[in-house]
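For reference, the structure is listed below as structure tokens.
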């Protein structure tokens, strides 16, 4: 079990100790339930009063926070600090296991140093695998694929021919990269399949959720840029381009040839039609439907989407619809009575 | 082919024969199309008159139903009886095939009695597998997993490290248990992945649909309780807790840390945001969006959800919206005319 | 690299050359970016003016289109011609690799001629595989399955027991055919699983997207007819019947026992409830919810669906809802003032 002093942790995180820098802790725990050998964190000011009651040996908090006499490491972003300490305490560097006996390796394969290729993985011909890459059991990599250093491919994921992954990419189990785009030309009586001869490119630090699918382009490439994270069961159609540092939440579907800017967040179950552009920094609420392009920096909701604030007002009024219709009928009736009355006069 | 007398079947089901208890049948068939060597069932009173025309040797029906002179087994729940007879006539106990040659078994693995592990399955180190468990080809089980007695894991499903399955669990093909939760801490310029060090626990009698994904918890456990059934392509995010005997229909997505009560039904494509609570016995209509907690025993629909009856009224009025707007304009115009008229007088 | 004269390509496509029929090209490229050794196409009249600027050696276009002095092949359906030339130039017949050493083949398996079965594929007992079928690594085929000639099963797809695939079927990676239908009979305290003893039948030329799931029928068959294409992450529940030449776009879910006609298009994320019928040639817009049967030849949108034109009008008015409610209040107030005024008179 790893043990660190608070001072060592503060140095590691770029933070400042208030209290006993020599105290040792050996792991992390929630505010409630943490013992004196654990470090905890306060990210949400809503829970600030819980610091008074925690038994934790130390609390990560923003500079100037109320310590209630606890040992504290002050750090600008306690949530990020928590994530970094989790990594420090609980993740081990993957031992290099090499190519295990029951793995199947094609011809012309280039293998980096420090790799692990598990039993049941099948690597096609002319694949290039970077240093320290881990390929779990049942993964299938078609010919000509390139995988950058330090990438991890979990069990039963599939990467089809010629696709390219950057460094530190992670695929969760069952993810599919490079399936054929959904392209068919009607010939008058049936559908003729259009060969999808392009590829998928994932830049560095891209993560792909479990059973998520990213289709290969018809001609050129489906591109997911640096740092973007896709949750589980997401669908990215052919020829899409997703910018840097986007968060694409579970069950989102993006139709063909759409372009998503940088730092875009699409919440769960959002649908985006094909051939549209979404600007940088856009946030879209869950289950929204996006039928056209969206300007940068907006917050949108609804199907079809509108400005989020407008959507809140509309949805707030929606339950009144039956009452509104009744009132209109009453108004019409009264007006008709007035008209009759005025006509009589 | 299994053959049983009606009396034997009545005894098996806890029902009562009206008619020829010695008649033998060898299987089940629908009301229409069943021959005299088959048993059929009447669950929906709407089809009661079809009993008159069936050629079936026997009809399962509720006590006191009109038999039209057919042999009948009276039973309180004919649909359940039908399910039990299907199991009796058509499902065979899986023969224990042991560990087949092309399966890969890690070190420190505990194997129960009467198991079958098919070729191409890969079992990690320190896995515990109960009695009579069946593991189909291509299944990947990471280290430290526990699987209870009589569970069935279909082809290419994946169970990641340290997750625990109860007894009689069933995973359909491609299901993923224990993928990393979708957790990232923004560091100002990019997203820092938060290690997901928790697990997934499936209690007894839980079934997981094809290509459904259940993410591991960040710290503790994602929990699915006894008897709950998940359909295909469902997403359960990290730290969720799903109660007992729930029915989660296809393509539902439940965001992180939400808690679902017992006997809840979520119809297809429902979305639930994170950190909410849904009470016991709640039913939610298809495609609904749940932005907050829901009280027990309700029936809800819509996105965002409202009471189902209210939603029916609102949706019934929605198509009138253009007409309503026109009427409001007309009312405004008429009132303006009155005002003008009154001003003149 | 394949090289063809324009006349050869025109003959192949059944088109007519205007210009230099002896010119040779060696591939396809988009209007912008094509060099003189490439052929391009104009399918959308919106881009007709780009023909003036293309450097392509030839443009596929409809008869009588403005050529701007370029070499042209006239053809009724340029998009289809483009698809056929892509196939001609860029797809190679898959070499017959036979049963590779690390594939696992059960007993009683019938193998056609010219097949390829890759390492890590597992074929159950009594499976029948047609001529020129390609089975990629990690595919699992349960016992008694039949696969027609020229079908392609991509990596880690699963076909469960006794299902039948026609000729020229294609399964993308991770597709699941024949998972158990989601059928449970409540027994008063819990859910009793109803054995799903039926199968799935895919007719000729059916394509199934990555990680799409098609459940086996309870008793008889889930049927997908000739030429129908399913995109990624689609859910087809048990006992459904999908007609010929349908396009079922990504993340659509169709509940049990529903029947879809021929040439139906369901756009992305559409949901269809169980036990309904959708007529031939119906088109349904993205994210729509279909709670009942739909007549043939219609275009529908919304959740719940209405005629597409009506839906456009309704959605156009929806953002006015808060304003409408305000106006109704004002009208009521004014009318009350009139009433007071009239009462006084």
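Bear in mind these aren't lab numbers, they're just calculated from the coordinates by the rules spelled out. Bear in mind that the values here come from a model prediction, so they are computed numbers and not experimental data. For neighbour counting, all protein chains shown are included, and Cβ atoms are generated from backbone atoms with ideal geometry for every residue, glycine included.
Taken residue by residue and averaged, Cβ atoms of other chains lying within 10 Å of the Cβ of A:136-147 number 5. Here the spin labels are modelled as points 7 Å beyond Cα on the Cα-Cβ line, and at residue C:312 and residue A:5 they lie 7.3 nm apart.
Contact order for chain C, expressed relative to its length and based on alpha carbon pairs under 8 Å spaced 6+ residues apart, stands at 6 percent.
Multiplying the residue separation of residue A:100 and residue A:341 by 0.36 nm and removing their Cα-Cα distance gives an extension gain of 77.3 nm. When both bridge partners sit in the protein assembly as shown, DSSP labels roughly 15% of those beta bridges antiparallel.
The mean number of partner chain beta-carbon atoms within 10 angstrom of a residue's beta-carbon across peptide C:165-176 is 5.
Entry note, the stretch B:4-90: relative contact order of 28 percent, from Cα contacts under 8 Å with a spacing of 6+ residues. Max-minus-min Cα coordinates of the protein assembly as shown on each principal axis give 102, 86, 86 Å, with the largest extent listed first. Averaging Cα coordinates gives a centre for the stretch B:85-164 and one for the stretch A:294-338; these two points are 55 Å apart. Calculated mean residue ellipticity at 222 nm for chain A: -5000 deg cm²/dmol, from DSSP H runs with n ≥ 4 weighted as -39500 (n - 2.57), summed, divided by the residue count and rounded to 500.
Spacing of the modelled spin labels on residue B:299 and residue B:110, each 7 Å from Cα toward Cβ, amounts to 4.7 nm. Considering only DSSP beta bridges where both residues belong to the stretch A:1-134, give the percentage that are antiparallel (nearest 5). Rounded to the nearest five, the antiparallel share is 25 percent. Kirkwood Rh, chain B, all Cα pairs: how many Å? With all distinct Cα pairs of chain B included, I get 23.9 Å.
Shape analysis of the stretch C:4-90 based on the Cα gyration tensor places the equivalent ellipsoid semi-axes at 16, 13, 13 Å, largest first.
In units of the rule-of-thumb radius 2.2 N^0.38 Å, the stretch B:109-181 shows an alpha carbon radius of gyration of 0.94. Taking the average, over residues, of other Cβ atoms within 10 Å as the packing measure, peptides A:266-275, C:178-187 rank A:266-275, C:178-187 from highest down.
Mean per-residue shielding of peptide B:190-200 is 6, counting Cβ atoms of other chains within 10 Å of each Cβ. With both residues required to sit in chain A, DSSP beta bridges show an antiparallel share near 15%.
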